[in-house]
Every structure is written in structure tokens, then in C-alpha cells.
Amino acid sequence: YVSDVFDSFNANYSNTPTLKTWMPPSFFYDEAQRKSKKRRRALIHWLEEMLENRSDSLGFGKLSWFYYSNQSRRVVSGLFYYLTNTPWIRSSKGIKRPGEVFVETGQVKEMFGNRLAYLEDEISTELCQFLGVKTEVTTETVLEYLRELSSQKEADLKLIKQLYKYLDDY
């Protein structure tokens, strides 16, 4: 993450640029520890509390530098980057990235049955929205989900056909 931020930084500067951002706790970088129910629940609890007070700073960091004057730019925070791009949410299909998971509702279950990964962790609607967990089926959420599936190595062709049929019908 940090390398990507500084690699994309292409402004002139006369002192070393600094990055201020939230980063995930150290256990988050270890796949086995991310699967720990205790650690995941503690992280979810912390995120819920932080969203109430500092939701903007959780999603964004600040890259600062000096070139004739102080300058800065907002960047995606390291915490948000890792939370949305790393499998850590418990679902009916195992540990998934938040964008690959749907909240189980009657509408979603009726349309797609058990083909989708349904959220099994207890997460508030606000945190679901922050992380990108799908809370309803809309054209936009189906398109986002198809983008998520395109990055996977294996795909459920029946599910993909069903998603395209949904898009065609609606």
C-alpha cells in the first residue's frame, strides 16, 4: 500500500513527503490470525466504535509535502485499502473480501438461493456500507459483484449467468 501511494506520487517536492493514515492492526497481515473469530470480532467492534466518531479519517489518509509551500492531498487510507482488498469477513462460503459478500435478505435469498456468499459476522448497516458489503440487490450492486468475481481464479458459471439474467430483466 505505502509503495503504491508513493509510486503514484508525481509532484515536485523539496522535502520528503509524509503519509498520515490509519493502518490495520498487525494481526491483519497474517491470514491465519485474520480467520480468528476473537480477533475479527475485536476488529469489528473497534471499527463500529470508530465509525461513530471518525468515519472520514478511517477512509482517507493525507499525503503532505513541501514545494514552495506546504501542500497535501487526500489518499485512500491504508486501513480502508486492506479492509476492502483482503479476505477477512466470515461468510456462508468461507472467509471473503467485503465486496464479495451480501447481507442475507428475503429478496436476495429468493433470487439467488445459496449461490451467493452471505454475511455471517454481526456487522451494522453503517459498517457494511463503509466496507462495501452488499445490503440489497440493485443493478449497481450486481455490477460491483461481477467486478469482484472477475478477480477470482474460479467462477460459478451458473451464478454468473443468473446475475446477467437479473441485469437483463431489470
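The values are calculated or read from the model by the stated rules, or taken from the named source; none is laboratory data. The shown structure was predicted, so the numbers you read here are calculated from the model rather than taken from an experiment. Cβ atoms come from the backbone with ideal geometry, glycine included; neighbour counts cover every protein chain shown. Surface areas here come from the heavy atoms of the whole protein model, side chains and all, with no ligands, DNA or RNA. Shrake-Rupley method; radii C 1.70, N 1.55, O 1.52, S 1.80 Å.
Taking a cut-off of 26 Å, what percent of all Cα-Cα pairs in the chain are separated by more than that?
Working: 5648 of 14365 pairs.
Distances greater than 26 Å cover 39 percent of the Cα pairs.
Taking the alpha-carbon centroid of each part, what is the distance from the stretch 1-68 to the stretch 82-122 in angstrom?
So the two Cα centres are separated by 24 Å.
When ligands, DNA and RNA are left out and all protein chains stay put, how many square angstrom of accessible area per residue does the chain have with a 1.4 Å probe? Spell out each step's value before the answer.
Details: 10350 Å² over 170 residues.
Per-residue accessible area for the chain comes out at 61 Å².
As a test of the formula, what do you get for the chain when each DSSP H run with n ≥ 4 contributes -39,500 (n - 2.57) and the sum is divided by the residue count, at 222 nm and rounded to the nearest 500 deg cm²/dmol? Don't jump to the answer; show the numbers that get you there.
Numbers: 8 runs with 80 residues, N = 170.
Computed mean residue ellipticity for the chain: -14000 deg cm²/dmol.
What does a probe at Glu120 reach in the stretch 66-88, counting residues whose amide N is under 17 Å from the point 7 Å along Cα→Cβ?
Under cut-off, by backbone N: 87-88.
Please compute the modelled spin-label separation between Asn85 and Met111, points set 7 Å along Cα→Cβ, answer in nm with one decimal.
2.9
Please compute the length gained on full extension between Arg147 and Thr18, using 0.36 nm multiplied by the number of residues separating them and subtracting their Cα-Cα distance.
Numbers: separation 129, 0.36 × 129 = 46.44 nm, distance 3.26 nm.
Here the segment from Arg147 to Thr18 would lengthen by 43.2 nm.
What do you get for the angle between helix 37-59 and the principal long axis of the chain? Use alpha-carbon atoms, 0 to 90 degrees, nearest ten.
The answer is roughly 60 degrees.
Tell me the carbon and sulfur percent of the accessible area for the chain, rounded to whole percent, probe radius 1.4 Å. All intermediate terms of the calculation are to be shown ahead of the outcome.
Numbers: 4870 of 10350 Å².
Here carbon and sulfur together make up 47 percent of the probe-accessible area.
If you average the sequence gap of Cα pairs under 8 Å that are 6 or more apart and divide by the length of the chain, what percent do you get for the contact order?
After rounding, I find 18 percent.
Of all beta bridges DSSP finds with both residues in the chain, what is the antiparallel percent, to the nearest 5? Walk me through the numbers before you get to the answer.
On the way: 14 of 17 bridges.
Roughly 80 percent of the beta bridges in the chain run antiparallel, per DSSP.
Straight distance only, please: which aspartates and glutamates reach the Cα of Lys62 with their own Cα at less than 20 Å, same-chain residues fewer than 8 apart left out?
Result set, ordered by chain and number: Asp4, Asp7.
If you build a Gaussian network model of the chain, linking Cα atoms that sit under 10 Å apart, which residue out of Ser26, Ser57, Ser77 swings the most?
Ser26
Given a Förster distance of 22 angstrom, what is the FRET efficiency for Gln71 paired with Phe6, based on the Cβ-Cβ distance and rounded to 0.05? Numbers along the way, then the final one.
On the way: r = 15 Å, r/R0 = 0.68.
With a Förster radius of 22 Å, E is 0.90.
Apply the Karplus parameterisation 6.51 cos²θ - 1.76 cosθ + 1.60, with θ equal to phi minus 60°, to every residue of the stretch 138-151 and state each ³J(HN,Hα) to the nearest whole Hz, in sequence, with x for glycine and proline.
Taking θ as phi minus 60°, the curve returns 10, 4, 5, 5, 5, 5, 4, 5, 4, 5, 4, 5, 5, 8 Hz for the stretch 138-151.
Determine which lysines satisfy two conditions relative to Lys38: a Cα distance under 27 Å, and not lying fewer than 8 residues away in the same chain.
Here the lysines satisfying the reach criterion relative to Lys38 are Lys93, Lys96, Lys134.
What FRET efficiency do you get for Ser36 and Ser92 if R0 is 22 Å and r is their Cβ-Cβ distance, rounded to the nearest 0.05?
Numbers: r = 19 Å, r/R0 = 0.86.
Once rounded, the FRET efficiency stands at 0.70.
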